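Chemist: Below is the structure I would like to discuss, written out as structure tokens.
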Amino acid sequence: MKVKIDKNKCYMSGECYYNHPELFKMDDEGYPIVLVDEINDDAMKKHALEAIEVCPAVALSLEE
Amino acid sequence: MSEATSMPPPLDPRVFDSEEFQKDPFPIYKQLRDHHPIYHDRFHNRWIISRYWDVDGAFQDNESFDRAMYKPDGPYDFGSRHVFGPNILEYGNSDEHRRLRNIVAGQFVGQKLQDFLPMIDQISEEVIDRFIDKGEVEIVSEFASQVPIRVISNMMALPREDEDTFVEWYQLLIAGLGFGGEHLTRGLQARNDMWDYIDPLIKERSKNPGEDLLSRICVAEIEGSRMTVEEVKGFISLLLAAGGDTTEKAIANMWYHLLYTRPDQLQDVIDNPALWENVFTEMMRYDPVVHAQFRYTTREIPLYNDVIPERAGVILYLGAGNRDERAFKDPDTFDIHRDDLHMGRENRSGRYKDGKNGHLGFGIGQHFCMGYAMARQESAIACSKLAERIKNPKGKMADHPGISSPNIDSGGFRSPQDLWMTFDK
Ligand code: HEM
Ligand code: SF4
């Protein structure tokens, strides 16, 4: 599974990378970069799901 | 780089304790930015950062600039350093901090906040009713300090008939924070009265939780267990101080600037109430309620030909960064129409799609203010309600001593001491 970011929707709230530094970091502009390419353990999946929930712009999703 | 090579004029660190600095720190900020972008204050044993991008960088880099008062690996007795008891402000960059934050962060944004707006409307109207027939108001004590605390006490679903008592305790408590002596004694007494009052409510809500903020804090679980009664109280006090006093000062400062700094722009705001958000934003840049945050370095930090050692205390002067010519044109002009400041809601990242720079008044990153959306909405609503109901508002005094920090040790929230306004109905 992979985390997808919709850059059009994302407004750089910062919530994903400040709440889940294990999975995201900020790029130079302020958009998130996904640090883990393939999500396969439960801990990382939990981070992904929580980040999806916390994103105020509904810009994150998980894809097979 | 002539800045770096020529000898900078000396800066006496005792100036930071002076009355002049409390009132008007901006010339010193400029001296810091221009000549000492990294300043080692040997007198107070701390370092100072003041340029916009350096303050931004330090806020973003929580790995290097940690807020924790304790050594990450050492023992620390939570609550020992705060009058208020244990609270989130004591935490640095850690999982515990993220968990604590997430218990309440959602309460002050999005739909939750939308649900509270009618209540903020109503409270503002009620507070205005109390003075509207007088033709004049002392904005700090009769208006600004009345609204935010009532809003928070409502969010916690405290009984409305006790609201006036609650406001009184809160004001004594806040006065007790900075001034010491007699104020401190009265502040501690108010705190104890407040705790006695809230104790049975905490027990009750822990058993039968409702949808309110207090219930939510009571039943929140951190690592599988609920907070102790002491921790719940610490959390509540923090919300009173961090959410009440700050927003109060914000409202007072907004009116101060319109009445005295830019009376010409007051009319613009009366004609177009949507501009209250701009007033809020420009106030948070020009002379924000909070000017400084403290961090400890977790490693050596090389910066401008100097090196901050590990475990050094560093002041991030966001109030100075906000006046940096490197980030804003004519930084010393208060202008609600400026086109180089991001005027809308703040982002925790400090980055915006419109490419403009944001103010630093809520901090950035890990510890970015949790009440940012609420403070903005509440200030804009309260101010626009007042403006709607009055005509011809004017500062009562020809001269005003201006905005100041309360005293040296409080690290204080900035506001005018008092602010009289006359108006027609
Ligand atoms: C205009 C009003 C306000 C100002 C100027 C303000 C300012 C700030 C600043 C500068 C910080 C950053 C602290 C740091 O970097 O260490 C902060 C954090 C915080 N603020 Fe505010 N604030 C305001 C309103 C509020 C409101 C309304 C609430 C709650 C209802 C609130 C709750 C908090 C909390 C809980 C934190 C700590 C966050 C953390 O450590 O993760 N603030 N605030
Ligand atoms: S939480 Fe959403 S809006 Fe915020 S930075 Fe991440 S993806 Fe963008």
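The values are calculated or read from the model by the stated rules, or taken from the named source; none is laboratory data. In this text the structure is predicted, and so the values were computed from the model without any measurement. Every residue, glycine among them, receives a Cβ derived from its backbone with ideal geometry; neighbour counts consider all protein chains shown. Just so you know, the surface numbers come from the protein's heavy atoms only, side chains and all, with ligands and any DNA or RNA stripped out. Shrake-Rupley method; radii C 1.70, N 1.55, O 1.52, S 1.80 Å.
Chemist: Non-local amide H neighbours of B:Met397 (under 5 Å, H modeled in plane, Pro and chain starts lacking H): which ones?
Modeler: Amide H to amide H, under 5 Å and 5 or more residues apart or across chains, B:Met397 pairs with B:Trp420.
Chemist: Calculated FRET efficiency, B:Val219 and B:Met7, Cβ-Cβ r, R0 45 Å, to nearest 0.05?
Modeler: The pair B:Val219/B:Met7 has a calculated efficiency of 0.15.
Chemist: May I ask you to derive the FRET efficiency for B:Thr228 and B:Ala157 from their Cβ-Cβ distance with R0 = 22 Å, giving the value to the nearest 0.05?
Modeler: The calculated FRET efficiency here is 0.55.
Chemist: Summarise the accessible area of the protein assembly as shown (1.4 Å probe, protein heavy atoms) by the percent that is carbon and sulfur.
Modeler: Whole-percent figure for carbon plus sulfur exposure: 50.
Chemist: Here is a further query. For chain B, what is the charge dipole size about the Cα centre, in debye to the nearest 20, if Lys and Arg each add +1 at the Cβ and Asp and Glu each add -1 at the Cβ?
Modeler: Dipole magnitude for chain B comes out near 640 debye.
Chemist: Turning to a different aspect of this structure: Please arrange B:Asp212, B:Asp115 by accessible surface area, largest first, computed with a 1.4 Å probe and ligands excluded.
Modeler: B:Asp115, B:Asp212
Chemist: Same structure, new question: Starting from the Cα-Cα distance between B:Asp196 and B:Val307, subtract it from 0.36 nm times their residue separation and give me the gain in nm to one decimal.
Modeler: 35.0 nm
Chemist: Near the amide H of B:Leu303, under 5 Å away, which other amide H atoms are found, from residues 5 or more places off or on another chain, if H is placed in the peptide plane?
Modeler: It is B:Ile308, by chain and number.
Chemist: Dividing the alpha-carbon radius of gyration of region A:2-63 by 2.2 N^0.38 Å (N being the number of residues), what value is obtained?
Modeler: 0.98
Chemist: Roughly how many Å is it from the Cα centre of region B:156-208 to that of region A:4-31, as a whole number?
Modeler: 39 Å
Chemist: Taking amide hydrogens as modeled 1.01 Å from N in the peptide plane, which residues meet the under 5 Å criterion relative to B:Trp47, leaving out close sequence neighbours?
Modeler: Residues meeting the criterion, in which the H sits 1.01 Å from N, are B:Asp41, B:Gly313, B:Val314, B:Ile315.
Chemist: I've got another one for you. Report the FRET efficiency, 1/(1 + (r/R0)^6), for A:Glu50 and B:Glu204, where r is their Cβ-Cβ distance and R0 is 25 Å, rounded to 0.05.
Modeler: 0.20
Chemist: Going through the DSSP H helices of chain B, which span 18 Å or more along their own axis at the Cα atoms while scoring at least -0.5 as a mean Kyte-Doolittle hydropathy?
Modeler: Going by DSSP H runs, the hits are B:110-129, B:163-179, B:372-389.
Chemist: Now, a different point. Quick one: order B:Lys249, A:Lys9 from most to least accessible surface, probe 1.4 Å.
Modeler: A:Lys9, B:Lys249
Chemist: Another question, if that's okay. For every other residue with a beta carbon closer than 13 angstrom to the beta carbon of B:Asn392, add +1 if it is Lys or Arg and -1 if Asp or Glu, then tell me the sum.
Modeler: Net charge in that neighbourhood comes out at +3.
Chemist: Follow-up question, since we're still on this one. Tell me, what is the per residue accessible area of chain A in Å², probe radius 1.4 Å?
Modeler: So chain A comes to 58 Å² accessible per residue, rounded to a whole number.
Chemist: Oh, and also: Sorted by accessible area (1.4 Å probe), largest first, how do B:Trp276, B:Trp53 line up?
Modeler: Largest accessible area first, the residues go B:Trp53, B:Trp276.
Chemist: In addition: Leaving out ligands and nucleic acids, note down the accessible area per residue over chain B with a 1.4 angstrom probe, in whole Å².
Modeler: 43 Å²
Chemist: Give me the mean projected area, in nm² to one decimal, of the convex hull enclosing the Cα positions of chain B.
Modeler: With the hull built on Cα positions only, its mean projection is 21.2 nm².
Chemist: Averaged over peptide B:344-357, how many Cβ atoms belonging to another chain are found within 10 Å of each residue's Cβ?
Modeler: The per-residue average across the peptide is 4.
Chemist: Using only the C-alpha atoms of the protein assembly as shown, find the volume of their convex hull and express it per residue in Å³.
Modeler: So the per-residue Cα hull volume is 164 Å³.
Chemist: Continuing with the same structure: In Å³ and rounded to a whole number, note down the convex hull volume per residue for the Cα atoms of region B:268-425.
Modeler: 151 Å³
Chemist: Name the most mobile residue of B:Asp287, B:Asp12, B:Asp66, meaning the one with the largest mean-square fluctuation, in a Gaussian network model of chain B with Cα contacts below 10 Å.
Modeler: B:Asp12
Chemist: Here's another thing I want to ask about it. How big is the dipole moment of region A:2-63 about its Cα centre under a simple scheme where the beta carbon of each Lys and Arg is +1, that of each Asp and Glu is -1, and everything else is neutral? Debye, nearest 20, please.
Modeler: 160 debye
Chemist: Follow-up question, since we're still on this one. Provide a list, ordered by number, of residues in region A:1-22 showing at least 40 Å² less accessible area with every protein chain present than when their chain is taken on its own, using a 1.4 Å probe.
Modeler: So the qualifying set is A:Tyr11, A:Met12, A:Glu15, A:Tyr18, A:Asn19.
Chemist: Short version: ³J(HN,Hα) in whole Hz for each residue of region B:132-140, in order, from phi by Karplus 6.51 cos²θ - 1.76 cosθ + 1.60 (θ = phi - 60°), x for Gly and Pro, what are they?
Modeler: These are the phi-based 3J(HN,Hα) values: 4, 7, 7, x, 8, 8, 8, 4, 4 Hz.
Chemist: Please get the size of the charge dipole for region B:157-265, origin at its Cα centre, with Cβ charges of +1 on Lys and Arg and -1 on Asp and Glu, quoted in debye to the nearest 20.
Modeler: That gives a dipole near 220 debye.
Chemist: I would also like to ask the following. Anyone know which of B:Ser237, B:Ser404, B:Ser225 comes out most mobile in the 10 Å Cα GNM of chain B?
Modeler: Ranking B:Ser237, B:Ser404, B:Ser225 by mean-square fluctuation puts B:Ser225 first.
Chemist: Here's something else I'd like to know. How far is helix A:42-54 tilted, in degrees, relative to the longest principal axis of the Cα atoms in chain A, given as a value from 0 to 90 rounded to the nearest 10?
Modeler: Tilt relative to chain A: about 30 degrees.
Chemist: Just to be sure I understand: with springs between alpha-carbon atoms less than 10 Å apart, which residue in B:Pro393, B:Pro37, B:Pro200 has the highest mean-square fluctuation in the Gaussian network model of chain B?
Modeler: Highest fluctuation of the listed residues: B:Pro200.
Chemist: Just tell me which lysines come within less than 18 Å, Cα to Cα, of B:Lys329; anything on the same chain fewer than 8 places away is out.
Modeler: Qualifying lysines at Cα under 18 Å: B:Lys30, B:Lys356.
Chemist: Buried accessible area for the A:B pair, summed, 1.4 Å probe, in Å² rounded to 100?
Modeler: 1200 Å²
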